[in-house]
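Novice: This structure is in structure tokens; I'll ask about it shortly.
The values are calculated or read from the model by the stated rules, or taken from the named source; none is laboratory data. Because the structure is a prediction, the values reported are computed rather than measured. FYI the Cβ positions are ideal-geometry reconstructions off the backbone, even for glycines, and counts take in every protein chain you see.
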Amino acid sequence: MDNKPTKGEYLETLLRSGKTIFSIRDVSLMWGEENESIISIRLNKYAKSGKLIKVRRGLYVKDKNYDRFELSTRIYTPSYISFETVLTREGVNFQYYGNIFVASYINREINVSEQNITFVRMKDYVLSNTIGIEHKDGYAIATKERAFLDRVYVSKDYHFDNLAILNWDKVFEILPIYHNKRLDKKVKEYFKSYQNNQPDKTI
């Protein structure tokens, strides 16, 4: 390929890019190199010499200042940040969780560079639907309404601390993508509970 780096330019190509995390596929596109074994050998060489950091098989970072959300969504794709990670950040739940919670196609908990990451399996048709998902630099993250629905979808009973902060119009807009009658019923129960806890504005 015309844009293939010359000898000595391979590392510079990575360091000059806006990415902080590189997969083998990323590097293949950036280097114009289709042979993954050649890429792996070269990246491992950079990692051993301290020029890159290998955080997981097939994933490398420039330095320790990488975005942990970005890394979490690059391990298994497609995926997006959701559940307690979003609910706590947005004030729906008050309890702090050190884990990063990710919606993906697999149930698994792993530790990468002292960061616990919990992957929660979702149906393919839910995972691929982008309603209620925002795209940040390098990763996707659920809105608080989508994260709320994701949690109810995978949990039979769950306590939320602050349902008043949700935009319920958005909740009911997203709800149909799950095609789940139990979820429909449970969300209506949460909504009724939210309404019953609202201050009486009648005079």
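Novice: How many of the residues making up the range 130-180 are polar (S, T, N, Q) and crowded, with 17+ Cβ neighbours inside 10 Å? Give the steps one after another, and end with the answer.
Specialist: Within the range 130-180, the first condition is being polar (S, T, N, Q), and the residues that meet it are 130, 143, 155, 162, 167, 180.
Then drop every residue that is not crowded, with 17+ Cβ neighbours inside 10 Å, which leaves 143, 180.
Adding up the residues that qualify gives 2.
Novice: Ok, one more. Somewhere in the range 79-86, is a residue farther than 14 Å from D150 by Cα, among the aromatic types (F, W, Y), in the same structural domain as L163 (by TED's automatic domain parsing) and out of contact with any Phe, Trp or Tyr (no Cβ under 7 Å at 6 or more places or on another chain)? I'd like the intermediate steps shown before the answer.
Specialist: Filtering the range 79-86 down to residues farther than 14 Å from D150 by Cα leaves none.
No - not one qualifying residue is present in the range 79-86.
Novice: Are any of the residues in the range 75-82 in contact with a strand residue (DSSP E or B) (Cβ under 7 Å, 6 or more places away or on another chain), under 23 Å from D26 (Cα atoms), modelled with pLDDT under 95 and part of a helix (DSSP H, G or I)?
Specialist: So far as the range 75-82 goes, yes, one or more of its residues are in contact with a strand residue (DSSP E or B) (Cβ under 7 Å, 6 or more places away or on another chain), under 23 Å from D26 (Cα atoms), modelled with pLDDT under 95 and part of a helix (DSSP H, G or I).
Novice: How many residues does the range 83-99 hold that are outside any helix (DSSP H, G or I) and under 14 Å from the mean Cα position of the chain (by Cα)?
Specialist: At the first step, the residues of the range 83-99 found to be outside any helix (DSSP H, G or I) are 91-99.
Narrowing further to those that are under 14 Å from the mean Cα position of the chain (by Cα): 99.
Of the residues in that region, 1 qualify.
Novice: Among the residues of the range 100-115 satisfying the criterion of being surrounded by 13 or more Cβ atoms within 10 Å (Cβ to Cβ) and more than 18 Å from K64 (Cα to Cα), which is nearest to the chain's Cα centre (by Cα)?
Specialist: By that ranking, first place goes to V102.
Novice: Mind checking which residues of the range 12-25 are charged (D, E, K, R) and over 18 Å from K136 (Cα atoms)?
Specialist: Our first condition is that a residue be charged (D, E, K, R); within the range 12-25, this holds for 12, 16, 19, 25.
Selection gives E12, R16, R25.
Novice: Taking into account only those residues within the range 28-41 that are crowded, with 16+ Cβ neighbours inside 10 Å and in contact (Cβ under 8 Å) with a residue 24 or more places away in the chain, which is nearest to I141 (Cα to Cα)?
Specialist: W31
Novice: State the number of residues belonging to the range 54-73 that are assigned to a helix (DSSP H, G or I) and either in contact (Cβ under 8 Å) with a residue 60 or more places away in the chain or over 9 Å from the mean Cα position of the chain (by Cα) (or both). Even if it seems obvious, please write down each step before you answer.
Specialist: We begin by selecting, within the range 54-73, every residue assigned to a helix (DSSP H, G or I); these are 68-73.
From what's left, either in contact (Cβ under 8 Å) with a residue 60 or more places away in the chain or over 9 Å from the mean Cα position of the chain (by Cα) (or both): 68-70, 72-73.
Residues meeting the conditions: 5.
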